[in-house]
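The structure appears below as structure tokens.
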Amino acid sequence: MVDYHAANNQASGGGPQTYMEQENDWDRDLLLDPAWEKQQRKTFTAWCNSHLRKAGTQIENIEEDFRDGLKLMLLLEVISGERLPKPERGKMRVHKINNVNKALDFIASKGVKLVSIGAEEIVDGNAKMTLGMIWTIILRFAIQDISVEETSAKEGLLLWCQRKTAPYKNVNVQNFHISWKDGLAFNALIHRHRPDLIDYDSLRKDDPVTNLNNAFEVAEKHLDIPKMLDAEDIVNTARPDEKAIMTYVSSFYHAFSGAQKAETAANRICKVLAVNQENEQMMEDYEKLASDLLEWIRRTIPWLQNRTQEKTVNDMQAKQEDFRDYRCVHKPPKVQEKCQLEISFNTLQTKLRLSNRPAFMPSEGRMVSNINGAWHTLEGAEKGYEEWILSEIRRLERLEHLAEKFHQKAAIHEAWTDGKEAMLTQKEPDTTTLSEIKALLRKHEAFESDLAAHQDRVEQIAAIAQELNELDYYDSANVNARCQKICDQWNVLGALTQSRKESLKNKEKQLESIDELYLEYAKRAAPFNNWMESAMEDLQDMFIVHNIEEIQGLIAAHEQFKATLTEANEERKAIQAIQANVPKIAQSNNITLTGSNPYTTITSENIDEKWAKVFELVPRRDTALQDELNKQNSNDELRAKFASQANKVGAYIKAKMEEIGRISIEMNGTLEDQLTNLKDYQDSIVSYTPEINTLEGYHQLIQEALVFDNKYTPYTMEHLRVSWEQLLTTIARTINEVENQILTRDAKGISQEQLYEYRTSFNHFDKDHSGALMAEEFKACLISLGYDVENDKQKRTGQMVSDDFRALLISTGNSLGDAEFGRIMSIVDPNGTGAVTFQAFIDFMSRETTDTDTADQVIASFKILAGDKNFITAEELRRELPPDQAEYCIARMAPYTGPDAVAGALDYMSFSTALYGESDL
């Protein structure tokens with residue numbers, strides 16, 4: 001008897017078996033259980049015949065038909081696919097032993113320990129040894145290579161059975177004996193892979209013989225698995241033979257192995273397609289959101305650039321209200337959309353990098369930079385529109401004030417000129433006396449004095465009309481017409497006055513009698529009357545001011561005017577005294593007065609009435625000025641309230657921006673802790689929104705009060721709005737960066753310690769806390785992490801180097817090779833800015849230290865589904881993949897045009913390449 005135990009130990013180096021300890025599966029010292037031996041004979045015989053029939057032969061009796069070694073050698077050649085030494089054809093015992101030894105030598109060469117099995121036992125027909133040998137062959141060639149999730153052969157086969165039968169009721173596979181007695185596990189295996197062959201729901205757990213026979217017959221008829229067991233033997237045995245069950249089940253595994261490979265390939269493809277579909281959906285969402293936002297900006301900018309002037313202050317204030325509605329209602333959601341768009345873009349690029357896909361390039365005009373540019377243009381238009389509205393309100397307010405002032409002065413002037421042309425053109429009768437003529441001349445001189453006094457008013461009217469024209473007053477045509485009429489009339493009055501004066505002068509030589517007293521009264525009454533009219537006009541004059549200083553100036557001027565009233569009253573009394581002397585002198589000289597003062601139309605009553613009117617207007621003016629002072633004081637309080645809140649908000653925003661800058665550099669704890677802290681921090685900032693709203697309320701009150709300057713604060717509402725939006729955007733971007741780091745860590749399997757190590761090293765070299773490393777800083781950072789380049793190939797040293805050694809590397813110039821560093825920079829800084837962000841740094845580190853799916857792997861998976869063809873059909877895709885993913889592939893795969901193409905062939909290779917970009921292959 002040949003003992004192969006020692007020989008095999010020597011051949012294998014004395015190491016343990018690679019697939020299963022023989023001692024655990026075959027007890028050499030105990031006899032086979034009769035029931036088990038019967039099951040093994042049938043099962044092993046059927047298993048051998050399933051392979052021998054490929055060579056056109058079979059066995060009938062397992063211990064007799066292998067005695068000469070010929071069919072044993074043939075069996076090994078069939079199952080291994082290798083050629084054995086040429087067998088000896090002699091009939092003598094020695095020839096048989098030599099053939100069996102050749103077979104045993106071949107088994108031993110495959111690393112199998114054949115303990116106590118010799119050629120003599122096989123040649124002598126020892127059933128126990130023959131069955132043991134066949135079991136060893138089954139283990140090595142049918143079961144050893146079965147491995148699921150790195151488990152051993154037996155455990156792998158058991159795990160495969162458990163997974164495949166897990167969804168089925170009344171099936172619980174825990175071993176290779178009792179778990180199979182009721183036959184449901186066999187039927188479940190078949191139904192899982194070929195549901196068309198088994199009506200599983202019709203099977204009953206209490207009818208094991210029917211269940212077993214059903215599975216055995218279906219397997220033999222449709223799956224080409226020979227019947228290796230008898231249902232009655234299994235049912236009537238307390239514990240079926242484990243080796244027989246394992247042998248039979250392994251045949252199912254190999255029968256379905258093709259489906260298993262196809263399932264694995266399909267799973268890989270589904271995973272890749274799911275990532276691609278999700279990325280494409282995010283791209284579509286980005287494109288739509290970007291298009292909608294750009295379209296909104298495109299529609300809004302012309303509205304903000306529209307400078308169509310309105311005619312009245314109320315119309316412009318309506319526009320201002322529309323602008324406030326835009327600012328408070330329409331724009332804030334767009335600010336959120338813009339922020340969300342940037343976050344979505346960053347997240348998408350991170351996912352593409354993590355799945356080894358090309359970076360996303362939005363369609364032309366929809367880049368984040370395009371959106372930022374459009375947004376910048378929008379804000380510029382917004383600022384210009386607001387400034388224009390305020391300037392237009394001021395202009396229209398000024399115009400309305402000037403227009404009212406124009407019409408007031410024009411009405412006064414027109415009232416004064418009424419009847420003057422008729423007076424200047426009237427003819428004196430020839431019977432006019434000298435005194436009458438002299439009186440007419442004096443009266444005319446008084447009129448000239450009055451006319452000259454009105455010259456200023458006419459010039460003021462013309463100046464106001466000119467200013468209304470320059471400010472583009474909407475009713476300038478009527479103003480100009482009225483002004484022209486006044487000026488033309490004024491010229492006519494001037495010419496008529498001169499003509500009448502000349503006429504009276506011709507007669508003055510003949511008429512010398514004059515009433516000096518009347519004349520003196522007329523001369524003094526006329527300017528005083530004009531002074532009172534001007535005073536009444538000034539007291540009724542409208543005013544507009546924008547601050548306390550201006551109203552205080554008007555009040556001071558009014559006080560100065562009131563100080564002149566005493567002197568003016570003395571003048572009034574003196575004039576009235578002159579008029580009072582007329583009847584005294586006439587009485588003393590026995591003169592009969594036949595009419596009023598011939599030299600003036602101004603009577604004492606006129607002067608007293610106007611003087612009373614002046615005194616009536618003075619307190620009204622006091623009240624109006626005081627009301628305006630109160631209004632300006634109120635406006636100043638509004639300025640102070642706004643300034644107080646603005647200074648507080650401005651300081652808060654500045655402090656929070658500085659805090660965010662420190663937080664983004666000095667993050668501690670796990671990424672989840674950082675994310676939680678950042679979101680809490682974000683919530684605390686958002687909770688400050690009521691303060692912003694309070695400030696907006698003050699700002700609205702200020703605008704409604706038409707307050708345009710504020711000396712109490714350097715902040716404007718526009719500046720604070722931009723700063724607040726920038727604060728919210730910055731914290732949102734910081735949160736998104738941490739979320740992308742979590743995404744990177746989870747997808748690439750980077751540990752928290754590695755991320756902390758990367759962050760610490762990055763911050764160490766980010767001397768200016770800018771959040772980015774310049775090229776030389778980045779190179780030093782890589783060296784500090786223990787990276788070096790040999791032959792232009794970057795490699796990880798496997799562990800962090802000490803701080804002293806880092807310093808030594810840097811100080812001695814031990815840096816990355818120029819070519820390799822250029823390659824790395826092209827990856828981390830594709831736009832050539834010269835700076836490397838932390839996200840780009842993390843992406844590079846994770847990509848260099850982890851594995852990802854590749855286009856080659858996806859092509860290999862498709863090749864499995866295609867049955868090793870260079871193309872795949874739509875029918876195969878629909879059979880192997882979920883419906884939505886199958887149709888996704890069919891819609892995007894180009895027709896295959898190779899020499900072996902058939903109708904409906906699709907090119908899966910170019911499709912896989914497109915998923916990853918050309919550079920991956």
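What number of residues within the stretch 304-331 are touching an Asp or Glu at 6+ places or on another chain (Cβ under 9 Å) and of a type outside the set (Lys, Arg)?
Of the residues in the stretch 304-331, 12 are touching an Asp or Glu at 6+ places or on another chain (Cβ under 9 Å) and of a type outside the set (Lys, Arg).
Using the structure shown, decide if LYS110 is within 28 Å of GLU60 (Cα to Cα) and not β-branched (Val, Ile, Thr). Show your work before the answer.
Numbers: within 28 Å of GLU60 (Cα to Cα): yes; not β-branched (Val, Ile, Thr): yes.
Judged against the criteria, LYS110 is a match.
Hey, among the residues in the stretch 474-489 that are over 60 Å from the mean Cα position of the chain (by Cα) and touching a residue at least 40 places away in the same chain (Cβ under 8 Å), which one's most open to solvent (accessible area, probe 1.4 Å)? First the steps, then the outcome.
Kept after step one, since they are over 60 Å from the mean Cα position of the chain (by Cα), are these residues of the stretch 474-489: 481-489.
Filter once more, so that each one left must be touching a residue at least 40 places away in the same chain (Cβ under 8 Å): 482-483, 486, 489.
Numbers: ARG482: 64, CYS483: 14, ILE486: 2, GLN489: 46 Å².
Ranking the qualifying residues of the stretch 474-489, first place goes to ARG482.
Does any residue of the stretch 762-774 turn out to be touching a residue at least 60 places away in the same chain (Cβ under 8 Å), open to solvent by 30 Å² or more (accessible area, probe 1.4 Å) and more than 25 Å from ASP673 (Cα to Cα)?
Yes, the stretch 762-774 contains a residue that is touching a residue at least 60 places away in the same chain (Cβ under 8 Å), open to solvent by 30 Å² or more (accessible area, probe 1.4 Å) and more than 25 Å from ASP673 (Cα to Cα).
Show me the helices (runs of 4 or more DSSP H) found entirely inside the stretch 1-67 where at least 3 residues are modelled with pLDDT under 50. Let's see the steps before the verdict.
Details: elements: 4-11, 22-25, 34-52, 62-65.
In the stretch 1-67, 4-11, 22-25 are the helices (runs of 4 or more DSSP H) which contain 3 or more residues that are modelled with pLDDT under 50.
Out of all the residues in the stretch 577-598, is one or more of a type outside the set (Phe, Trp, Tyr), modelled with pLDDT of 80 or more, open to solvent by less than 40 Å² (accessible area, probe 1.4 Å) and in the same structural domain as ALA525 (by the TED database)?
No.
Counting just the residues of the stretch 193-227 that are among the β-branched types (Val, Ile, Thr) and either free of Cβ contacts under 8 Å to residues at least 60 places away in the same chain or not in a loop (DSSP other than H, G, I, E, B) (or both), which one comes out most open to solvent (accessible area, probe 1.4 Å)?
Within the stretch 193-227, the subset among the β-branched types (Val, Ile, Thr) is 198, 209-210, 218, 225.
This time we only want the ones that are either free of Cβ contacts under 8 Å to residues at least 60 places away in the same chain or not in a loop (DSSP other than H, G, I, E, B) (or both), so: 198, 209-210, 218.
Details: ILE198: 9, VAL209: 47, THR210: 73, VAL218: 17 Å².
Per the criteria, the residue is THR210.
Does TYR712 satisfy the condition of being touching a residue at least 60 places away in the same chain (Cβ under 8 Å), of a type in the set (Ser, Thr, Tyr) and either part of a loop (DSSP other than H, G, I, E, B) or buried (at least 17 other Cβ atoms within 10 Å of the Cβ) (or both)? Reasoning before the result, please.
Values: touching a residue at least 60 places away in the same chain (Cβ under 8 Å): yes; of a type in the set (Ser, Thr, Tyr): yes; either part of a loop (DSSP other than H, G, I, E, B) or buried (at least 17 other Cβ atoms within 10 Å of the Cβ) (or both): yes.
Considered against the rule, which asks whether it is touching a residue at least 60 places away in the same chain (Cβ under 8 Å), of a type in the set (Ser, Thr, Tyr) and either part of a loop (DSSP other than H, G, I, E, B) or buried (at least 17 other Cβ atoms within 10 Å of the Cβ) (or both), TYR712 comes out as yes.
Would you say ILE437 is modelled with pLDDT under 80 and open to solvent by less than 20 Å² (accessible area, probe 1.4 Å)? Please lay out each step first, then the result.
Values: modelled with pLDDT under 80: yes; open to solvent by less than 20 Å² (accessible area, probe 1.4 Å): yes.
Yes; evaluated as a whole, the condition is true for this residue.
Any residue in the stretch 352-363 that is outside the structural domain of LEU519 (by the TED database), of a type outside the set (Asp, Glu), part of a helix (DSSP H, G or I) and open to solvent by less than 30 Å² (accessible area, probe 1.4 Å)? First the steps, then the outcome.
To start, the set of residues in the stretch 352-363 that are outside the structural domain of LEU519 (by the TED database) comprises 352-363.
Filter once more, so that each one left must be of a type outside the set (Asp, Glu): 352-363.
Filter again for part of a helix (DSSP H, G or I), leaving 352-354.
Right, trim to open to solvent by less than 30 Å² (accessible area, probe 1.4 Å) and you get 352, 354.
Among the residues of the stretch 352-363, at least one is outside the structural domain of LEU519 (by the TED database), of a type outside the set (Asp, Glu), part of a helix (DSSP H, G or I) and open to solvent by less than 30 Å² (accessible area, probe 1.4 Å), which makes the answer yes.
Before we move on, is PRO240 surrounded by fewer than 15 Cβ atoms within 10 Å (Cβ to Cβ) and either modelled with pLDDT of 90 or more or assigned to a loop (DSSP other than H, G, I, E, B) (or both)?
Values: surrounded by fewer than 15 Cβ atoms within 10 Å (Cβ to Cβ): no; either modelled with pLDDT of 90 or more or assigned to a loop (DSSP other than H, G, I, E, B) (or both): yes.
No: the conditions fail for PRO240.
I'm checking my understanding of the structure. Among residues of the stretch 168-192 that are surrounded by fewer than 18 Cβ atoms within 10 Å (Cβ to Cβ) and under 51 Å from the mean Cα position of the chain (by Cα), which one is modelled with the highest pLDDT? Can you show your working first?
Filtering the stretch 168-192 for residues surrounded by fewer than 18 Cβ atoms within 10 Å (Cβ to Cβ) gives 169-170, 172, 174-175, 178.
With the extra rule that they be under 51 Å from the mean Cα position of the chain (by Cα), the set shrinks to 169, 172.
Details: LYS169: 90, ASN172: 93.
Looking at the filtered set, the residue picked out is ASN172.
So LEU701 fits all but one of (1) open to solvent by less than 30 Å² (accessible area, probe 1.4 Å); (2) over 23 Å from the mean Cα position of the chain (by Cα); what number is the exception?
So LEU701 meets the others, but not (1).
The values are calculated or read from the model by the stated rules, or taken from the named source; none is laboratory data. Just so we're clear, the structure is a prediction, and the values are computed from it rather than from any experiment. Cβ coordinates were reconstructed from backbone atoms using ideal geometry, including for glycine residues, and neighbour counts include every protein chain displayed. Only protein heavy atoms, including side chains, enter the accessible area calculation; ligands, DNA and RNA are left aside. Shrake-Rupley method; radii C 1.70, N 1.55, O 1.52, S 1.80 Å.
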